[in-house]
Amino acid sequence: MKRYASHFIIFPKHDCLKQHVVEVENGYVVNVFPLTEEMEDIEWLPGAIYLVQTEEKLSAVYISNFDITMMQPVFGTRRKQLL
């Protein structure tokens with residue numbers, strides 16, 4: 001299992017959480033919780049993590065260039081699926 005933290009976690013219905021951790025196992029999100037203290041084995045990813053509905057589960061996609069005023073990725077930003 002891998003843990004990723006980011007400035008913003010964005011859910012499929014456009015709900016947004018700030019400073020949270022996403023736990024990913026086998027390519028799917030298994031847990032989301034607040035980043036309240038520094039913890040081991042958490043990779044910090046500046047920008048945003050989008051949670052995308054795939055089949056019956058959520059997968060996580062990292063967006064590095066994220067415009068916080070418009071709450072959307074900057075044009076031309078590459079996306080990376082978190083595994």
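Key figures for this structure:
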{"read-out": "Meets criteria (without any contact (Cβ under 8 Å) to a residue 40 or more places away in the chain, loosely packed, with under 11 Cβ neighbours inside 10 Å and not in a strand (DSSP E or B)) for residue 69", "value": "yes"}
{"read-out": "Boolean, residue 4 is surrounded by 13 or more Cβ atoms within 10 Å (Cβ to Cβ), in contact (Cβ under 8 Å) with a residue 24 or more places away in the chain and more than 10 Å from the chain's Cα centre (by Cα)", "value": "no"}
{"read-out": "Hey, residue 61 surrounded by 12 or more Cβ atoms within 10 Å (Cβ to Cβ) and over 20 Å from residue 78 (Cα atoms) or not", "value": "no"}
{"read-out": "Per-region count, region 17-59, residues over 11 Å from residue 2 (Cα atoms) and touching a residue at least 60 places away in the same chain (Cβ under 8 Å)", "value": "0"}
{"read-out": "Hits in region 5-21 (condition: in contact with a His (Cβ under 9 Å, 6 or more places away or on another chain) and aliphatic (A, V, I, L, M))", "value": "5, 9"}
{"read-out": "Which numbered condition residue 83 misses (of (1) at pLDDT 90 or above; (2) surrounded by fewer than 16 Cβ atoms within 10 Å (Cβ to Cβ); (3) at negative phi)", "value": "(1)"}
{"read-out": "When residues of region 13-50 are limited to those that are among the small types (Gly, Ala, Ser) and assigned to a strand (DSSP E or B), the one surrounded by the most Cβ atoms within 10 Å (Cβ to Cβ)", "value": "48"}
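So that you can scan it fast, the table gives a plain yes or no per residue for (1) in contact with a strand residue (DSSP E or B) (Cβ under 7 Å, 6 or more places away or on another chain); (2) among the aromatic types (Phe, Trp, Tyr):
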{"position": "10", "(1), (2)": "yes, no"}
{"position": "20", "(1), (2)": "yes, no"}
{"position": "46", "(1), (2)": "yes, no"}
{"position": "53", "(1), (2)": "no, no"}
{"position": "62", "(1), (2)": "yes, yes"}
{"position": "72", "(1), (2)": "no, no"}
{"position": "76", "(1), (2)": "no, no"}
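The values are calculated or read from the model by the stated rules, or taken from the named source; none is laboratory data. Quick caveat: nothing in here was measured; it's all calculated off a predicted structure. Neighbour counts run over all protein chains shown; Cβ positions are idealised from the backbone, glycine included.
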